[in-house]
1. Test of understanding: among A:172, A:177, A:138, which residue is at pLDDT below 90, surrounded by 15 or more Cβ atoms within 10 Å (Cβ to Cβ) and part of a strand (DSSP E or B)?
2. Have a look at B:181, B:165 and point out the one that is farther than 22 Å from residue B:300 by Cα, surrounded by fewer than 21 Cβ atoms within 10 Å (Cβ to Cβ) and either outside the structural domain of residue B:280 (by TED's automatic domain parsing) or touching a strand residue (DSSP E or B) at 6+ places or on another chain (Cβ under 6 Å) (or both).
3. Just one of B:305, B:276 is in contact with a strand residue (DSSP E or B) (Cβ under 8 Å, 6 or more places away or on another chain) and touching a residue at least 40 places away in the same chain (Cβ under 8 Å); which is it?
4. Can you work out which of the residues in the stretch B:113-126 that are touching a residue at least 24 places away in the same chain (Cβ under 8 Å) and touching a helix residue (DSSP H, G or I) at 6+ places or on another chain (Cβ under 6 Å) is farthest from residue A:574 (Cα to Cα)?
5. Output the number of residues of the stretch B:195-214 satisfying the condition of being part of a loop (DSSP other than H, G, I, E, B) and touching a helix residue (DSSP H, G or I) at 6+ places or on another chain (Cβ under 8 Å).
6. Select the helices (runs of 4 or more DSSP H) contained entirely in the stretch A:502-596, then report the ones holding at least 2 residues which are facing chain B (nearest Cβ under 7 Å), more than 29 Å from residue A:325 (Cα to Cα) and modelled with pLDDT of 90 or more.
7. Give me the residue from the stretch B:46-69 that is surrounded by 14 or more Cβ atoms within 10 Å (Cβ to Cβ) and facing chain A (nearest Cβ under 9 Å) and, out of that set, modelled with the lowest pLDDT.
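The values are calculated or read from the model by the stated rules, or taken from the named source; none is laboratory data. Just so it is clear, the structure is predicted and the values come from calculations on it, not from any experiment. No Cβ is skipped: glycine too gets one built from the backbone with ideal geometry, and neighbour counts run over all protein chains shown.
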């Protein structure tokens, strides 16, 4: 039994989730385990050595000795390859380890016997600090701290008893006029709201018709381009106007939203932080080059070599933020027989007719195969499979198709490949949407996929047409397996891949990049109880608060809008509230002179 | 008797309400008069005579509380406490001059026996009373028709008659002494004219350029020895510094932001002239009888808020876009260029040298500009009369018609040939040349007749409903009647849009109708009949005054007679009596 298997066996018993996560972790190429001068292996991540390349065993021993023999639990930030942990375990010390990187943790478990640590459930991954002893002494593995300053700060805050959570922020989510990032912008706004942040979605979709109409205005392509740029510039102005009104702590713009470098500069002068989520393939669309340097946080879907490209351009404030699932849009659904007939099939695909899909799907037409979505050529061998004459599919219908289909095919788009992109890295939104529906999916292998779902346990994976055909036949015949995998994928989504969870991560990254910039407001323990406690029990305002209908905001706006509508004689407390509301409106420069 | 006057507005508005305080004191000599103001303007309010008790509203303290999402309960307590400590016992009469919802709610909270001005009722309706306060509301919608200065509308809205004594403030002795010492300290040569310059205003669009002010200064210096005092608020100091930098060295003293309100008033009272945009200091100058030369740019209009008193000059651009269509955002500011420094210097010299001012006919010299001289009419109402005679145009003619018609309608004053009628006749002939364009008489006569017809029709329907026994209030009958009455309002709207000259009368009718919550059919019908009757009265007053002015003025009569199809108007201007009587017979 290898060290890895031995460690994993213990971990599976003590912390099965952690074991599963580490088992699913792929170690990227920049994590190198190399022989040291003295012999035992040392670890290098990128250019950072996590252990001595000369004699890592001695280094670990010296470090452990330098801690002395102080009693009480020790919390070590950084596992490295475990050399500094082993002497402590040997001394029988009460040791806890927080390792921010799953990749490093996996390598440590592959190279050291850490069972004494694992048996007592003493390993924590990422920013999961649950169960760490509050009286523990924090000691740092310096190279790890250097590599992960953000998680280190969070651990320090956690141990100091400070609430690690941000208070309610004001966040303005800016979306595009159209396209694939539009729903992501909506989900993003919903995710921030779910986290309890006051969020507004600046939706430019209503302007799309006007944007399209400009194409009809002139046959001169340059003139059309100029007009469209002017419209986008105007829309950019509306962002500034909204920002001045809403006064957000953070502007979170999605790919394709109408922002350009001058506007981002102007925004940065108005808002504490501006973030951008580039949910595109950086090699296909290159406008990131001019936007990335202008924002405070640039989120991307890909990792290397995108990271290096950004670094080469002097961009430091970037981070990988994968997509996620919106459970309001995608969820399990009971369909009636008519809907099942309309939307169901043995095999379905929902998406646009990219070149690689047009090619690949020709090899699947002998199955009961339905292709939904736009940009498909009806006069092609795929014609009989194409549904609704290649009309766009609504979110609602997508949800129904996913739920009604036995095998949902997911092939990542590529304008360059004939079928599967062998270098494909990031995963598309459909991976998460399908999993959120509790729908079975067969997806082409992507290098990042194992970070999110366990291949062939939660989602079925193919790397060639032959494998795809084979698995389609296999799973069509095994409904129970399909159901079990789909359920497992949905479980994983609920636990790890919701937008709320993803965006909580984004905010943590932003805090790490810009410590102290986001305000730490105290979260209100529910506005209504707080308000009620600010007036005596028998105060007339209490009755007004009690009378607020469900869903009405328990604040001055909510109270006064009800006061204005009431048909009862106006009471003095009501009039005072109304007065106060008008006074506030006057302060905000609106309607102070609204006569009648 | 306890009287509370609520004025939660700014410096200029406070000074403009001084005649209200004087009028109340005259009408109720024994009363205790309290003036509620925002604490920001307490210093200004302290200058107003006739106040027994000044009640500053704690705006400064309330602002941070009201603005906060969770701190407003504190704000609630502050307001409740302020009301309890200062408004008990409840006043007998509240005069609310603040035309905002906030002012209306405060007047409601006072729970006084009588409220004049803009207020709120227990059934959550906003209303204005007496009629002149409704008129104030109307002027914001049909602004071009307004013929009365805000000062007079305040007084009439407070149920008082203007006394023709203008604005007033009292300068504390120490401020007066300090101003004297300050001026002495400057050691100016005897005979030097002291001229105040106010380059700032509430909006940049209302600011005549500092370069122009400087040019005026230089031109005045070419004519006579002058010393200039640059005045304004603390935030206007940079603008003042800019102006000072443009003036010849040693000719200016920069006071902007450096004086108290009392000190500013005392200084203004010592000036020979104040050249200013439409600002609070302009009203202070008018109140201390310092001659004013003021510019009314962008959204500012001389007839609404011009300096009150005898002998002030107000300059207004003659542009189709004035008063501004986009008062808060215009970037063209053509009005700034329409008033030239040469013209301003020439008129300023007239004031400084106390030359008699009478209408002049050399319109070509003053292209793009109208100059108004402030005065009072024989009924004590303020007026701004054009000094540059030009052919009477439709706009001016109708402003004068309204000047005669509204007091007749709302006060029951004015009969043909009385002092006001004579004065209007003199203004027509003395300040204007004979008309050279259509005064809109034919169209307006037709529209007014239609207005009378519609109002009579509405009144007839409402009366029929009112007099119907309740047992005949069947749903189908009521529905028919309601439909018939409902048909009248769109017609009135159409008339208002098509005929700006009579739009104010119709707006007034709609304002009186607003927010009715009465559900009893007879009562509702009674109110409606009364509203239609008043609309008819308003229209009739307009028609009468229009006819009187047309008949009484030779130039207009000649003009009308020269156009054959209009000749009949001179005779047929007044509605036939039977037309009125037919409806008046209604109970």
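1. Working: A:172 fails: at pLDDT below 90; A:177 fails: part of a strand (DSSP E or B).
After ruling out the rest, the residue left standing is A:138.
2. On the way: B:181 fails: either outside the structural domain of residue B:280 (by TED's automatic domain parsing) or touching a strand residue (DSSP E or B) at 6+ places or on another chain (Cβ under 6 Å) (or both).
The unique qualifying residue is B:165.
3. Values: B:305 fails: in contact with a strand residue (DSSP E or B) (Cβ under 8 Å, 6 or more places away or on another chain).
Just a single option satisfies the conditions, and that option is B:276.
4. Filtering the stretch B:113-126 down to residues touching a residue at least 24 places away in the same chain (Cβ under 8 Å) leaves B:116-117, B:119, B:123, B:125-126.
Checking which are touching a helix residue (DSSP H, G or I) at 6+ places or on another chain (Cβ under 6 Å) leaves us with B:117, B:119, B:126.
Values: B:117: 21, B:119: 15, B:126: 15 Å.
Checked the stretch B:113-126; the qualifying residue farthest from residue A:574 (Cα to Cα) is B:117.
5. Here is the first cut: in the stretch B:195-214, the residues part of a loop (DSSP other than H, G, I, E, B) are B:199-203, B:207-209.
If we keep only those that are touching a helix residue (DSSP H, G or I) at 6+ places or on another chain (Cβ under 8 Å) too, we end up with B:199-200, B:207-209.
Residues that pass the stated criteria total 5.
6. On the way: elements: A:527-533, A:540-546, A:556-565, A:572-587.
Filter on the stretch A:502-596 gives A:572-587.
7. B:67
One line per residue, one yes/no per condition, for (1) at the interface with chain A (Cβ under 7 Å from one of its Cβ atoms); (2) more than 21 Å from residue A:587 (Cα to Cα); (3) touching a residue at least 60 places away in the same chain (Cβ under 8 Å):
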site: B:94; (1), (2), (3): no, yes, yes
site: B:102; (1), (2), (3): yes, no, yes
site: B:106; (1), (2), (3): yes, no, yes
site: B:111; (1), (2), (3): no, yes, no
site: B:128; (1), (2), (3): no, yes, yes
